Amino acid sequence: MKRIAVIEDNPDNRLLVEAILEDHYELVEFDNGPEALAQMRNDPPDLVLLDISLPGMDGTEVLRAMRSDPILGAIPTIALTAHAMAGDRDRFLAAGFDDYVTKPLVDEEVLLGAIANQLGREQRRSA
Amino acid sequence: MSVMNTEPPKIFMSRHPVSPEAMPEARPRRAGTSELRPVPDPVSLPVPDEYACLREEVVAKLWRLGGEKLVGQLIELFEAGAPGRIAAILSAVAAGDGPTVEREAHALKSSAGNLGAMRMWALCQQLESRASVGELSRTAALAHQLESEFERVSPRLRGCFKGD
């Protein structure tokens with residue numbers, strides 16, 4: 001079963017993501033960037049869900065650290081953000097994310113679809 | 001013959017989730033650390049009366065997703081955390097502390113939105129937007145409105161949990 005790292009400081013959001021994903025994927029959860037990076041280097045996940053608005057080291061800084069790391073650099077990473085508006089897609093892609101999902105997570109199919117899309121792409125790249 | 005594994009997968013927590021009570025002590029965000037956060041227009045919409053106090057279809061969806069356990073946990077987290085965050089917002093507004101207003105409003109917005117408390121969500125959005133650009137005028141009124149809105153939506157959420 002594919003493993004997803006969820007990096008999100010808000011416990012409500014983590015709970016909701018768990019409820020949506022727990023029957024489909026193995027999950028490992030973090031509430032801060034530095035710990036997530038350290039743990040992921042030891043045991044890289046198949047995909048990362050990354051909150052933009054983390055306290056301290058925010059999501060874009062975490063992503064920057066991932067992309068410059070030889071172990072973590074190629075892991076598909078989806079931004080979880082409350083800030084996305086129309087036309088933001090290009091900005092998130094330019095920042096290095098593979099996709100983004102807006103919060104609140106009202107429609108679970110959006111998150112599931114985004115993850116399946118990225119994992120499917122990764123599978124095709126590896127083939 | 002293979003046997004389907006019906007056990008739910010384990011969720012490995014790296015550490016205990018940060019409790020809502022602990023969040024006000026989190027380090028404040030450094031301004032401008034994320035280029036993906038848009039600079040909002042400080043001339044915001046009027047108080048959003050058109051937003052629903054509670055979108056009950058959101059709670060219904062949560063029931064379908066995770067049943068009583070999920071709905072109960074989310075409501076519990078919301079009710080445990082919201083008063084502290086609202087108090088922090090009110091104090092920060094009085095002190096002219098924009099970063100704290102922004103951080104607390106952002107976190108509360110997320111919790112409110114997850115449960116369909118859309119008027120609270122909209123009020124938090126306005127507070128966050130204003131605070132992010134240092135525009136704290138009228139935030140006192142918004143913060144008090146947020147407080148009233150929480151008092152209005154909280155019993156309705158409990159009613160949803162009881163299946164009323």
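The values are calculated or read from the model by the stated rules, or taken from the named source; none is laboratory data. No experiment lies behind these values; they were computed from the predicted model shown. Every residue, glycine among them, receives a Cβ derived from its backbone with ideal geometry; neighbour counts consider all protein chains shown. The area values use the complete protein model at the heavy-atom level, side chains included, leaving out ligands, DNA and RNA. Shrake-Rupley method; radii C 1.70, N 1.55, O 1.52, S 1.80 Å.
Apart from one condition, B:Gly134 fits all of (1) open to solvent by 40 Å² or more (accessible area, probe 1.4 Å); (2) farther than 19 Å from B:Arg152 by Cβ; (3) at pLDDT below 95; (4) assigned to a helix (DSSP H, G or I); the exception is (4).
Screening A:Ala36 on (1) hydrophobic (A, V, I, L, M, F, W, C); (2) surrounded by fewer than 24 Cβ atoms within 10 Å (Cβ to Cβ); (3) within 9 Å of chain B (Cβ to nearest Cβ); (4) not in a loop (DSSP other than H, G, I, E, B) shows it passes everything except condition (2). The set of residues in the stretch B:74-113 that are small (Gly, Ala, Ser) and facing another protein chain (nearest Cβ under 9 Å) comprises B:Gly81, B:Ala107, B:Ser110, B:Ser111, B:Ala112, B:Gly113.
Cβ-Cβ contacts under 7 Å between residues 6 or more apart (or on different chains), taken from a first residue in the stretch A:86-112 that is farther than 22 Å from A:Val17 by Cα to a second residue that is among the small types (Gly, Ala, Ser) and at pLDDT below 90, are absent.
Report yes if A:Val62 is more than 9 Å from every other protein chain (Cβ to nearest Cβ), under 24 Å from B:Phe78 (Cα atoms) and among the hydrophobic types (A, V, I, L, M, F, W, C), otherwise no. Criteria not met by A:Val62. If A:Asp46 satisfies all but one of (1) within 10 Å of chain B (Cβ to nearest Cβ); (2) modelled with pLDDT of 95 or more; (3) surrounded by 17 or more Cβ atoms within 10 Å (Cβ to Cβ), what's the number of the condition it fails? With respect to (1) within 10 Å of chain B (Cβ to nearest Cβ); (2) modelled with pLDDT of 95 or more; (3) surrounded by 17 or more Cβ atoms within 10 Å (Cβ to Cβ), A:Asp46 is out only on (1). Within the span defined as the stretch B:138-159, every residue fails to be of a type outside the set (S, T, N, Q), crowded, with 16+ Cβ neighbours inside 10 Å and not in a helix (DSSP H, G or I). Condition first: more than 10 Å from chain A (Cβ to nearest Cβ), buried (at least 18 other Cβ atoms within 10 Å of the Cβ) and at pLDDT below 90. Can you find one or more residues in the stretch B:58-73 that meet it? Within the stretch B:58-73, one or more residues are more than 10 Å from chain A (Cβ to nearest Cβ), buried (at least 18 other Cβ atoms within 10 Å of the Cβ) and at pLDDT below 90.
Residues are listed down the side, and each one gets a yes or a no for (1) open to solvent by less than 40 Å² (accessible area, probe 1.4 Å); (2) farther than 15 Å from A:Pro11 by Cβ; (3) not acidic (Asp, Glu):
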{"site": "B:Ala95", "(1), (2), (3)": "no, yes, yes"}
{"site": "B:Ala107", "(1), (2), (3)": "yes, no, yes"}
{"site": "B:Ser111", "(1), (2), (3)": "yes, no, yes"}
{"site": "B:Asn114", "(1), (2), (3)": "yes, no, yes"}
{"site": "B:Met118", "(1), (2), (3)": "yes, yes, yes"}
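Among the residues of the stretch B:105-130, those identified as under 24 Å from B:Gly66 (Cβ atoms) and among the small types (Gly, Ala, Ser) are B:Ala107, B:Ser110, B:Ser111, B:Ala112, B:Gly113, B:Gly116, B:Ala117.
Filtering the stretch B:120-131 to residues that are open to solvent by 40 Å² or more (accessible area, probe 1.4 Å) and among the polar types (S, T, N, Q) leaves only B:Gln125.
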